[in-house]
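Accompanying notes for the structure given below.
What follows is calculated from the coordinates using simple rules that are stated; it is not laboratory data. Keep in mind that this is a model prediction, so the values were computed, not measured. Cβ sites come from the backbone with ideal geometry, for glycine too, and all protein chains shown count toward neighbours.
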Amino acid sequence: MQVKKATNTKSVIEVKNLMKEFRIGSLGRTRVVHAINGIDFEIGEKEVLGLVGESGSGKTTVARVIVRLYEPTSGKILLNGEETPLRMKHKALVSYRKHVQMIFQDPFSSLNPLHSVGYGLTRPLKIHKIVEKDKIKSKVLETLEEAGLIPPQQIYDKFPYELSGGQRQRVGIARAIAVQPQLILADEPTSMLDVSIRLDIMNQMLELKEKEGVSYLFITHDLAGAHYMSDRIAIMYAGHLVEIGLSDDVINDPKHPYTQLLKRAAPKPESGLEPEKVDVGGEVPDLTNLPPGCPFEPRCPFAKPECKERVPDMVKIDDGHFTRCILYKNRTEQNEIKKV
Amino acid sequence: MSALLKVKDLNAGYEFTKFKTWAVRNVSFELNQGEFLGIAGESGCGKSTLAFGVIRLLMPPGKIFSGSIEFNGTDLMKVDDENLRKMRWKEFSMVFQASMNVLNPVLKVRTQIYNSIKYHVNMTESELEKRAKELLNLVNVSSKYLDAYPHQLSGGMKQRVVIAMALALNPKLIIMDEPTTALDVVVQRRILQEVDELRKKLGFAIIFITHDLSLLVEISDSLAIMYAGQIIEKAPSEKLYAKQMHPYTYGLMHSFPPLVGKRQKLHGIAGRPPDLSGEIKGCPFYPRCDKRISGVCDVENPKLVEIESDHFVACHLYDGK
Amino acid sequence: MNYVKLFFSNRKSAIGVIIFLFFVALAIFAPFVAPYSPNSMAFTPLQGPSWKHWLGTTAVGQDILSQVIWGTRLSLMVGLITGAITTIISVIIGLSSGYLSGLTDDILMTITNIFLVIPGLPLIIIISAFIVVKGIWTIIFVISLTGWAWGARTLRSQVLTLKNRDYVNASVVVGESSSHIIFSDIFPNMLSLVVANFFGAAVYAVLSEAGLEFLGLGDSSAISWGTILYWAQNNQALLFGLWEWAAVPGLMIALLGMSFALMNFAVDEITNPRLRKR
Amino acid sequence: MKYILKRVMFFLITAWAAVTINFILPRLMPGNPAEVMIAKFQGRLNPQAISALEIAFGINTHENIFLQYWDYLGRMLTGNFGISVSFYPTTVGQVLSQAIPWTLGLAGFSTVIAFIVGTLLGIRVSWKRNSTSSGIAVPFAFFLNSMPYFWFALIVEYVFAFIFGWFPLGGAYSSASGLGGLALVWSILYHAILPAGTIVITAMGGWMLTMRNNMISVLSDDYITFAFAQGLPESEIELNYAARNAILPSFTGFAMAIGFVISGVLLTEIVFSYPGVGYLLYQAVLNIDYPLMQAIFLFITIAVLIANFIADIVYVFLDPRARSGGE
């Protein structure tokens, strides 16, 4: 079933049945890691899609495949409704990346220690020929200011080691918006930052969304952060998308047992100081050896024998709210019946 | 309840050939038997230094500069190396931040558990085995992993093994330094839940260190907030959650967007913490504080005082009270 | 960051640099420092140390002190040039193997590992035995040919770590070309390792050259510390009690080797925070 | 097991590469240097020996180079290394087989001792790294490590054999006739002390520095702090926690280190006229005896490969991660 967003804005990026496998090990002893196992979603204009999952769920791989740091194994990626080839040459990649940019998780390793801030921001403008040569510097300063780096003239000549974590991440943001892309993939952009400056970085990103009309794929392991940032939220588990829907729907009324578990485990002092009990044991399955059925089945309190057999289909719960769980299968049938 | 640990005016930090940092500055607090104390603060605030300092485990260049630490009636600063070694693990144990890497990669889990026991108490091989199985059982790890090497365990299991080791000699205090940050949310929650159950059963005290204030509010009895090497606020968790007196605590608490409820715009705290290698004049939070009183806060560093019952704050806003 | 200052703040590197500079000065000013011409055979042969000849004379009546001083030139040159050539080979192989990965990497690494395991000196001996034209450049060529493997391997693993740094990924996403990434993002960040490698290769070169000359596989008419030792051994200097003839040039080799080794270690220590002295 | 198999494959490839180098080198050089050798020994060799040499070095033959190579491989596999020109008419195999035991004994013994002593010193020096003795030991090790082996051998020989006369000047055993039994054993040991001591002392420095570096790296690992937190005795932490882990990287650099030691052994043998492979190599070089040189090169390579293989097995034994099939 096609997973459609609720609103009817034009979609910037759309992925269909996206898969990514990695081969690890050396000759004669290779194993296949199934990092992404067929996921579908789209992101509209000026929309933030929060992608939530634990480490090893494949969420980072999704961003890296979309920005083509990794070649997708199979599936489709559509930019502005047009299908892009799975393998691209350097020139095609450069023009693709004019539209799709990325913010990295670790602000300490995402800036070359030997390059000044100014140099790092000049490069994208030169490569993508955003402005004429004599206007590059003023454009860089403008971008720095937009990313909240004030005063930009001072920041321009600084080297990464002279900046705080928050400032570095703002440089990362400035680098991403410099080419005026349509979509920015933000891979846990605040998880390595101090708590007290995370919100300001998130606010900055939201502000830029309004101002520049950019869309985000906001990747995080923090449900509350995703809720704060996103219009819609998608939940990933072991390379599968298990639930997607409007943020409030997914948070307030989670359908998939895994989403429910995540919510129970997340700290939420606002709803009483006594933490909820988490009684689900086990850990994420080995991605080199995935079970044929639902990947959450071994841990799922509601598991049924048929869950072992095959990965369940996406089920529509509501407009724009889907989940990949057998518990809701009858509901679709009812929906379908209603439609008829 | 009597105090298990009394820390007074502790100053600790790191001594390099050319400079010194004071990561812990004049910290005093008490911990009761069986208490769960959370210490929250951001990176570089000195919380880990404090954790290592109070059990005298700071490795060079780390050093305690001054202060006193009284553990269960013993002055830890005066204990010699050999007696300190004997006290370790038996009286207090520790679960580390990077628990993924604290197990010796070349020794079996069995050997490592045995080692943590056999240098403190005399046990026969079969007693050791019985105890090791018991411990793994306590943290829900199958005893078949006794003969596994650390690299054969998942992150969550390694952490459980480390916790089992920390419980081995029934210590009176376990210090946990961000023990679950590298783990998944769900596994982390489950482990914390289990630790708390064990605490209630076995009666040890916990000092739990993390940057995740919203997690601490839920799990700890009392909470201390650290900033720039100092404890700037300390209170029972529910009191602190209901009312944050120090502007930094207020800002930190409101830096966590709530999970449920209406979405509204929140703000973090602008600026960055001061450099800990020098003298700080006045309140260390002064440059970032939106309630600062110039002429007062930039001149004198406020002391940690009890403003309401059990609620300690170091802030000039409450000077007259 | 001031590298010169950093270099002197580390005791090991400071000692290494001082010894090294001493030899450089000796090599440059050899004509002024040396009391006689190193080739002049004008003196009584096989003399012990005296005020006139501090280290005595050779079997054909040359002044040994003058030879040792002049010999600095050749030994130092072999060390530096061979170190440089070896490092260049290591860098080329290490960079391409690490960056290209896949089959190229497999092939290059197998060759590297083979060169690493085949013992160096016997290989050098057999190659130079087959080369008809003996001379300093032959020695430089042979040592460079056999000494690059270790460097290539360490540099490759460094490339592999750097390649996965996010700033390299960021450059890819920005749209940089491969050559720009290699020369602007990867290579400059591994310079310290390259420098350490250079010093390591220089030690290897100095010691190997001495060994080759000692075996008579070099040009025995050239004046280097190795050839002085060769002649000393051939004329059974020690049995004549002329121990200075052999002791001093050997000591020079050891000191030069040590200065390179110290600088190698120091660069490691300065750049690898785990080794930094606490 | 897979790991071991992979290593065996690699060593076979390396041995093949060494054989191939031997085949290619003379053919690569302008004018084929082997001709010089054959010309030089013309009068002393019989015609069959000359033609055998010509075949071995590809002189005066119109045979296809691949066929030559094929024959060559066959000869190497059957251990037919040809005839030594300097020890004519003895075969290279015979000459070599008399020298091999001496070198194996000397090199094997002194490598093991140097490794053990150097490693132990490295552990000690890093564990007590702020003590005065460590402060002296480290620069001293640097000096030892940068010394040319043969030079140190010369000095040692001069001082202990020539001046003090405590030890023999050279050779492997006393040439006094009728020596047998215990007396011969004693004589052999007595003659080996100086050369072995030289090698041990020079090689030790390198092992010590390697181990010291590894130790210092390991000492900042979390499991060391954790071991201290557990109140384990220092000796337990030093050996079972720090050293057990620190020794592992030594094995990855083993190939290069053993190469250095072997070079050292060869040169030391020359200085002490010790009748091993190194001394033989020296004579082969002096007499431009290419067949002998090539065989020695091959022998040393294979000996080093075997040493490396042993190191690999020990490594697998010491590191559980390698056992369960990592890299």
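Applying both filters, DSSP loop and at most 10 other Cβ atoms within 10 Å, to the GluC sites (Glu not before Pro) of segment B:205-285 gives B:E279. Pair-distance distribution of segment B:104-170: all C-alpha pairs, bin width 10 Å, starting at 0; shares per bin in whole percent are 23, 61, 16, 0.
Let's see if you can work this out: charge +1 on each Lys and Arg Cβ, -1 on each Asp and Glu Cβ, no other charges. What is the dipole magnitude of segment B:104-170 about its Cα centre, in debye to the nearest 20?
About 140 debye.
Take each residue of peptide D:150-160, count the partner chain Cβ atoms within 10 Å of its Cβ, and average: the result is 5. Taking every residue in A:102-115 and counting other chain Cβ atoms within 10 Å of its Cβ, the average works out to 5.
Run the helix sum for chain C: -39,500 (n - 2.57) per DSSP H stretch of 4+ residues, divided by residue count, reported at 222 nm to the nearest 500 deg cm²/dmol. Result for chain C, helices only: -23000 deg cm²/dmol.
Residues of segment D:44-60 with an amide N closer than 19 Å to a point placed 7 Å from the Cα of D:E35 along the Cα-to-Cβ direction: D:50-60.
Between segment C:161-216 and segment A:61-120, the alpha-carbon centres lie 27 Å apart.
Once you have the Kirkwood Rh of chain C from its Cα pairs, apply Stokes-Einstein at 37 °C and 0.692 mPa s and quote D in µm²/s. Estimated via Stokes-Einstein, D reaches 160 µm²/s.
Pair-distance distribution P(r) for segment D:1-123, from all Cα-Cα distances in 5 Å bins starting at 0: 2, 9, 13, 15, 17, 14, 10, 8, 6, 4, 2, 1, 0 percent. With a Förster radius of 56 Å applied to the beta-carbon distance between A:E45 and D:L12, the computed FRET efficiency rounds to 0.35. Name the residue, out of B:K262, B:K234, B:K133, whose mean-square fluctuation peaks in a Gaussian network model built on chain B with Cα pairs under 10 Å. Highest fluctuation of the listed residues: B:K262. By the Stokes-Einstein formula, at 0.890 mPa s and 25 °C, the protein assembly as shown with its Kirkwood radius over alpha-carbon pairs has D equal to 70 µm²/s. Ranking B:Q152, B:N137, B:N115 by how far each Cα lies toward the positive end of the dipole of segment B:104-170 (charges on Cβ) leaves B:Q152 at the top.
Give a quick list of trypsin sites (Lys or Arg not before Pro) in segment A:130-194 that DSSP marks as loop, anything other than H, G, I, E or B, with at most 16 other Cβ atoms within 10 Å.
Hits after loop and neighbour filter: A:K158.
Compute the label zone of D:Y190 within segment D:258-281: residues whose backbone N is under 19 Å from the point 7 Å along Cα-to-Cβ. Only D:272-275 fall inside the zone, counting backbone N under 19 Å. Structural descriptor for segment B:104-170: relative contact order 46 percent, calculated from alpha carbon pairs under 8 angstrom and at least 6 residues apart. Selection among C:A149, C:L123, C:G16 by position relative to the dipole of chain C gives C:G16 as farthest towards the positive end (Cβ unit charges, Cα centre).
Helix-only estimate, please: 222 nm mean residue ellipticity of chain A, summing -39500 (n - 2.57) across DSSP H runs of length 4 or more and dividing by its residues, to the nearest 500.
Numbers: 11 runs with 107 residues, N = 340.
That comes out to -9000 deg cm²/dmol.
With the charge dipole of chain C set up from +1 on Lys and Arg Cβ and -1 on Asp and Glu Cβ about the Cα centre, the Cα lying farthest toward the positive end among the listed residues C:P38, C:P49, C:L217 is that of C:P49. Evaluated with a Cβ-only charge set (Lys, Arg +1; Asp, Glu -1), the protein assembly as shown carries a dipole of roughly 640 debye about its Cα centre, given to the nearest 20. Gyration tensor analysis over the Cα atoms of chain A returns equivalent ellipsoid semi-axes of 36, 22, 20 Å (largest first, whole Å). Which residues among segment A:124-141 fall inside the zone where the amide N is under 17 Å from a point 7 Å beyond the Cα of C:S177, along Cα→Cβ? Only A:124-129 pass the distance filter. Normalised Debye scattering of chain B at q = 0.14, 0.15 Å⁻¹ gives log10 I(q)/I(0) of -1.14, -1.27, counting only Cα atoms as equal scatterers and leaving out solvent. Between the beta carbons of A:A92 and C:K163, assuming R0 = 30 Å, the FRET efficiency works out to 0.85 to the nearest 0.05.
Using a Gaussian network model of chain B in which every pair of alpha carbons under 10 angstrom is joined by a spring, one finds that among B:A235, B:A148, B:A205 the greatest mean-square fluctuation is at B:A148. In terms of its C-alpha gyration tensor, segment A:78-223 comes out oblate, because a/c is 1.5 or above while a/b does not outweigh b/c.
Across every pair of different alpha-carbon atoms, what Kirkwood hydrodynamic radius in Å does segment C:1-136 reach?
Radius from the Kirkwood sum: 19.2 Å.
Directionally averaged projected area (segment A:199-340, Cα convex hull): 11.2 nm².
Working from label points 7 Å from Cα in the Cα-to-Cβ sense, the A:D313 to A:I150 distance is 5.4 nm.
FRET efficiency for the pair B:D81 and B:E197, taken as 1/(1 + (r/R0)^6) with r the Cβ-Cβ distance and R0 = 51 Å, rounds to 0.90. Computed on chain B, with alpha-carbon pairs under 8 angstrom and 6+ residues apart, the relative contact order is 20 percent. Remark: mean inter-chain Cβ contacts per residue of D:228-240 equal 6, using a 10 Å Cβ-Cβ cutoff to other protein chain atoms. With each label modelled as a point 7 angstrom along the Cα→C-beta vector, the D:R321-D:S174 pair spans 5.5 nm. Among the chymotrypsin sites (Phe, Trp or Tyr not before Pro) found in segment C:40-110, those both in a DSSP coil and sparsely packed, with 15 or fewer other Cβ atoms within 10 Å of their Cβ, are C:W51, C:W54. The alpha-carbon atoms of chain D define a convex hull whose volume equals 188 cubic angstrom per residue.
Where both bridge residues fall in the protein assembly as shown, DSSP classifies roughly 65% of the beta bridges as antiparallel.
The label point for C:W51 and the one for D:I306, both projected 7 Å from the Cα toward the Cβ, are 6.1 nm apart.
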